[in-house]
Amino acid sequence: MEVEQTDADPGDGTDSADSPEVRDVETRQVVEFRLGEDYCAVEIDEVDSIVEIKKVTRIPRTPDSIDGVMDLRGETTAIINPRTFLGIEGEPPERDEQNVLVLDRADDKQKIGIRVDEVLEVTTYPEDKIDDEEDLSDLDTRGIQESVSRGIIRKPNGEGLDLVVWIDIDAIIDQLK
């Protein structure tokens, strides 16, 4: 976890640069992406790389949520499609417009990639913008809320706040077992 030094805001209208107080603000760096209409994020430490989808070879008798495998720099990488088990509605974008988040998990015997509709950005949020106790019942995708959410991130958008679902990668992998 990163710790960022910021000037404390005295709250009295004075310039915070004049204040000798400094406070530690814990932050999380995440990769934001889109699944259907929902905006999601995973911690950057859980992602090895972001790649464009290539030719995926289907493996017989595997669940629909496993698209198959693809060759990634000479290594066989299993590709998971979370849209199927999370109940994400609507048509996915064309295959050549989708991305794969290749996971960095020491316990896995082979690389695993998660197919996402679109990677949006890598960004950092202060801990006070992340809520792991928020009611997520207003999200379009109940599967995300009930199955793999660690909480939400409140992202300022200029007109208010967008809700970004903070995804638990381990919960996604456990869904496949």
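Laboratory data are not the source of any read-out in this text; all were calculated from the coordinates shown. It should be emphasised that the depicted structure is a prediction, and the values quoted were computed from it without experimental measurement. Cβ coordinates were reconstructed from backbone atoms using ideal geometry, including for glycine residues, and neighbour counts include every protein chain displayed.
Sorting Arg154, Arg61 from the fewest to the most surrounding beta carbons within 10 angstrom yields Arg61, Arg154. Relative protection proxy for 24-31, 163-170, from highest mean packing down: 163-170, 24-31 (other beta-carbon atoms within 10 angstrom). Between Ile50 and Lys129, the modelled label-to-label distance comes to 1.6 nm, taking each label 7 Å out from Cα in the direction of the beta carbon.
The label-point distance for Thr62 and Asp24, in a model that sets each label 7 Å from Cα toward Cβ, rounds to 4.3 nm.
For region 22-81, a Kirkwood radius taken over Cα pairs fed into Stokes-Einstein (4 °C, viscosity 1.567 mPa s) yields D = 91 µm²/s. At full extension, Glu75 and Leu120 could sit 13.6 nm farther apart than now, given 0.36 nm per residue minus the alpha carbon distance.
If you take the beta carbon distance between Leu176 and Ala106 as r and set R0 to 22 Å, what does 1/(1 + (r/R0)^6) give as a FRET efficiency, to the nearest 0.05? FRET efficiency, Leu176 to Ala106: 0.80. For region 29-175, the mean projected area of the C-alpha convex hull, equal to one quarter of the hull surface, is 9.2 nm².
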